[in-house]
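What follows is one structure encoded as structure tokens, with my remarks underneath.
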Amino acid sequence: MKKRILVKFSGEALAGENGFGIDTKILKFIADEIKSLVDNGVETSIVIGGGNFIRGVSAAKDGTIKRTSGDYMGMLGTVINAVAMQEALEFVGVSVRVQSAIKMEAICETFIVRKAKRHLEKNRVVIFAAGTGNPFFTTDTAATLRASEIDANMLIKATKVDGIYNKDPNKFKDAKKYDSLSYDQALHDNIKVMDDTAIALAKENSLPIVVCNMFEKGNILKIIEGDYSNCSIVKPDEKEMV
Ligand code: GTP
């Protein structure tokens with residue numbers, strides 16, 4: 001069976017040490033990683049957050065900007081990242097299409113699930129931009145939604161850490177890493193791997209979520225090939241199977 005995956009990158013990761021904007025060295029690194037997936041026959045789609053530009057919740061903190069407007073501003077940030085990633089992928093010779101949840105036809109295609117699947121079948125990478133197109137949803141939820149819609153086998157959350165811990169590994173030396181956990185554990189154990197909406201949607205669709213370190217070269221391909229030694233996976237346990 002053909003492997004079809006969605007990789008979620010945080011916008012913040014694109015910013016590098018600056019914490020803001022886009023570091024083209026990181027963009028190029030990610031593009032090379034994605035190219036290795038495509039070269040190995042993996043149908044690959046991407047969601048990138050927008051936190052390197054703006055976060056709706058933070059923008060709305062003092063009440064000057066409404067939360068809904070802050071979230072739309074955040075969605076625009078994800079479109080900037082998607083266009084940048086499109087350029088980097090084309091630079092390394094990968095075919096790519098950007099589809100936005102909000103129509104902006106001068107910049108990119110509009111999200112149409114059947115068209116997205118067609119692009120993937122033609123070995124094009126598809127980048128889903130503008131989140132879900134609605135305020136109050138995170139890009140993690142957008143990633144889970146799009147992964148479910150395109151029948152992805154797996155959602156990979158590519159982060160700065162190598163998996164899911166019971167407490168912050170940067171603060172606590174005795175933090176314990178999970179190899180695997182159920183959706184219910186991810187929902188109830190105060191494990192902030194993704195927001196509850198995203199986890200609930202993944203659970204409903206039995207979509208496995210893998211959390212791994214994006215900066216380790218070859219890591220994502222290793223996971224897709226079945227080596228889960230360097231990541232954490234959220235998947236249905238037997239009682240959750242229907
Ligand atoms: P096939 O029909 O499978 O060959 O796909 P295709 O994407 O190559 O064909 P299409 O003619 O739809 O697109 C050609 C180019 O135009 C691609 O680079 C698309 O990303 C781009 N494109 C298609 N629709 C839109 C749109 O609504 N807005 C923008 N900005 N670009 C678009």
Seminar exercise, completed: Counting only backbone N atoms under 13 Å from a point 7 Å out along Cα-to-Cβ of Glu204, the residues of the stretch 144-188 in range are 144-146, 148-149
Exercise. Stretched out fully, how many nm does the piece from Asn134 to Thr68 gain, at 0.36 nm a residue minus the Cα gap?
Worked result: 22.9 nm
Exercise. What shape does the chain have by the C-alpha gyration tensor, where a ≥ b ≥ c are the square roots of the eigenvalues, rounded means a/c under 1.5, and otherwise prolate means a/b greater than b/c and oblate the rest?
Worked result: rounded
Exercise. Which length gain, in nm to one decimal place, applies between Asp227 and Asp184 when the Cα-Cα distance is subtracted from 0.36 nm times their residue separation?
Worked result: 13.1 nm
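At 222 nm, what helix-only mean residue ellipticity would the chain give, in deg cm²/dmol to the nearest 500, using -39500 (n - 2.57) for each DSSP H run of four or more?
Details: 9 runs with 90 residues, N = 242.
-11000 deg cm²/dmol, from helical runs alone.
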For this session: Taking just the C-alpha trace of the stretch 33-95, give me its Rg and Dmax in Å.
Result: 15.5, 49
Exercise. From the residues Phe136, Asn81, Met154, which one has its Cα farthest along the dipole of the stretch 67-191 in the positive direction, the dipole being from +1 and -1 charges on Cβ of Lys/Arg and Asp/Glu about the Cα centre?
Worked result: Asn81
For this session: Sort Ser45, Ser10 so the one with the fewest other Cβ atoms within 10 Å of its own Cβ comes first.
Result: Ser10, Ser45
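Viscosity 1.002 mPa s, temperature 20 °C: what is the translational diffusion coefficient of the stretch 20-144 from Stokes-Einstein with a Kirkwood Rh over Cα pairs, rounded to a whole number of µm²/s? Don't skip to the end; give the middle numbers.
Details: Rh = 14.8 Å.
Translational D for this selection: 144 µm²/s.
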Exercise. Straight-line reach from Lys28: which lysines have a Cα under 23 Å away, not including same-chain ones fewer than 8 places off?
Worked result: Lys8, Lys122, Lys157, Lys160, Lys217, Lys222
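Looking at the chain, which longest stretch skips every one of the trypsin sites (Lys or Arg not before Pro) that is in a DSSP loop with at most 14 other Cβ atoms within 10 Å, leaving the sites themselves out? Before the final figure, lay out each step's value.
Numbers: sites that count: Lys2, Lys61, Lys66, Lys103, Lys122, Lys160, Lys167, Lys171, Lys173, Lys176, Lys192, Lys217.
Excluding the exposed sites themselves, the longest stretch runs over 3-60.
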For this session: Give me the distance between the Cα centres of the stretch 155-186 and the stretch 25-100, rounded to whole Å.
Result: 23
Exercise. Under a point-charge model restricted to the Cβ atoms of Lys and Arg (+1) and Asp and Glu (-1), what is the dipole moment magnitude of the stretch 138-242 relative to its Cα centre, in debye to the nearest 20?
Worked result: 460
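About its Cα centre, how strong a charge dipole does the stretch 1-84 have in debye, to the nearest 20, once Lys and Arg get +1 and Asp and Glu get -1 at the Cβ? Provide the component values of the computation, followed by the final result.
Numbers: 11 positive and 9 negative charges, 58 e Å.
Roughly 280 debye for the stretch 1-84.
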For this session: Place +1 on the Cβ of every Lys and Arg and -1 on the Cβ of every Asp and Glu in the chain, take the dipole about the Cα centre, and give the residue among Ile112, Val7, Tyr165 whose Cα lies farthest towards its positive end.
Result: Ile112
Exercise. So which lysines pass the test for Lys61, namely a Cα distance under 24 Å, with those fewer than 8 places away in the same chain ruled out?
Worked result: Lys192
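Placing unit charges on C-beta atoms (Lys and Arg positive, Asp and Glu negative, everything else neutral), compute the dipole magnitude of the chain about its Cα centre in debye, rounded to 20.
Numbers: 33 positive and 32 negative charges, 71 e Å.
Computed charge dipole of the chain: roughly 340 debye.
Using r as the Cβ-Cβ distance of Asn123 and Thr24, and R0 as 30 Å, what FRET efficiency do you calculate, to the nearest 0.05? Provide the component values of the computation, followed by the final result.
Values: r = 25 Å, r/R0 = 0.82.
Computed FRET efficiency for Asn123 and Thr24: 0.75.
Bear in mind that the values in this text are calculations on the coordinates, not laboratory data. Please read all numbers here as calculations on a predicted model, not as lab measurements. Positions of Cβ are generated from backbone atoms using ideal geometry, with glycine treated the same way; all protein chains shown enter the neighbour counts.
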